[in-house]
Amino acid sequence: MRKIGYARVSTNTQNLDRQLGALRAERCDELFREKASGKSMKGRPQLERAIDALGTGDVLVIAEWDRATRSMMDGVSIIERIHARGALIKVLDKPHLDLTTPIGRASPHLSHKEMHRGAESAKVLLREGLSGDSRAPR
């Protein structure tokens, strides 16, 4: 099992020190870092490389979940891609997203389903709002 760390900041004026310190304390074997917007998964080559580097039983360690994604739908996609590789995720600031522990492994099924339902609900609300449905929340 390897631990692969991922850290991101949005701008060149921000620094990665706090996140990298947390990932080093976790004893990550490899660190991927980038300065890029978190609004979308596009333009995030280091996140892609980190996920691609995962093998069966490996763990992607992220210090802060909002550094990986700000979008619920992107978050679901990240978790699904990690799972498809036979790997786990450990988010240091979100204990329910620590799939390396028995409690974390028990709760993600709920959390993952809840996130997926939330993402699906968001898509429906967005679609209704864009179609001009007056019942859609504004």
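Key figures for this structure:
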| quantity | calculated |
| --- | --- |
| Residue list for region 57-82, filter: in a helix (DSSP H, G or I) and modelled with pLDDT of 90 or more | Arg81, Ile82 |
| Count of residues meeting criterion [touching a strand residue (DSSP E or B) at 6+ places or on another chain (Cβ under 7 Å), of a type in the set (A, V, I, L, M) and closer than 21 Å to Ala36 by Cα] in region 59-81 | 6 |
| Residue in region 83-94 that is surrounded by the fewest Cβ atoms within 10 Å (Cβ to Cβ), counting only those that are out of contact with any Ser or Thr (no Cβ under 8 Å at 6 or more places or on another chain) and not in a loop (DSSP other than H, G, I, E, B) | Ala84 |
| Residues within region 44-56 that are in a loop (DSSP other than H, G, I, E, B) and surrounded by 18 or more Cβ atoms within 10 Å (Cβ to Cβ), tallied | 2 |
| Positions within region 1-24 being basic (Lys, Arg) and over 11 Å from Val61 (Cβ atoms), in sequence order | Arg8, Arg18 |
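The values are calculated or read from the model by the stated rules, or taken from the named source; none is laboratory data. In this text the structure is predicted, and so the values were computed from the model without any measurement. Cβ sites come from the backbone with ideal geometry, for glycine too, and all protein chains shown count toward neighbours.
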